[in-house]
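Working notes for the structure below.
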């Protein structure tokens with residue numbers, strides 16, 4: 001949910017992320033998102049809702065512009081790694097993105113600085 005409680009974003013567990021207006025529940029936007037495993041993926045808004053960051057089951061997190069679609073892919077781990085944690089922090093300097101995963105061989109946490117996030 002966006003900070004202003006006016007938008008809800010969800011993964012549909014098939015192949016898309018969907019944005020809905022609240023409280024009406026009207027669909028506003030939808031983007032293709034790769035999903036291999038039918039597991040819930042965490043999603044976070046950043047920069048007043050202009051960016052969307054979603055975890056993935058392919059070893060990466062994806063960053064979307066809420067109007068235009070996919071901006072970049074953040075490689076987190078090996079293919080098949082479930083990126084379970086996605087957190088953002090917005091400030092006047094930009095946006096920090098934190099991704100995390102946990103597997104049998106350990107835990108991985110990455111912090112992405114705004115200058116390090118390359119746009120496709």
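Throughout, read-outs are computed from the coordinates displayed, never taken from laboratory work. Just so we're clear, the structure is a prediction, and the values are computed from it rather than from any experiment. Methodologically, a virtual Cβ is constructed for each residue, glycine included, from the backbone with ideal geometry; neighbour enumeration extends over all protein chains shown.
A Förster radius of 22 Å combined with the Cβ-Cβ distance from residue 78 to residue 12 puts the calculated FRET efficiency at roughly 0.30.
Cut-off is 10 Å between beta-carbons; in what order do 89, 33 appear when sorted fewest neighbours first? Could you put the intermediate results ahead of the total?
Values: 89 12, 33 21.
By the 10 Å Cβ count, ascending: 89, 33.
If the segment from residue 108 to residue 30 were pulled out straight at 0.36 nm per residue, it would be longer than the present Cα-Cα gap by 25.1 nm. Once the Cα-Cα distance is subtracted from the 0.36 nm per residue extended length, the residue 65 to residue 89 segment shows a gain of 7.1 nm. Only one of (1) 22, 18, 12; (2) 35, 14, 11; (3) 28, 20, 14 was calculated from the structure for semi-axes √(5λ) of the Cα gyration tensor in Å, and its label is (1).
Please state the shape class of region 18-85: rounded when a/c is under 1.5, otherwise prolate if a/b exceeds b/c and oblate if not, all from the C-alpha gyration tensor.
Numbers: a/c = 2.23, a/b = 1.68, b/c = 1.33.
In terms of gyration-tensor shape, prolate.
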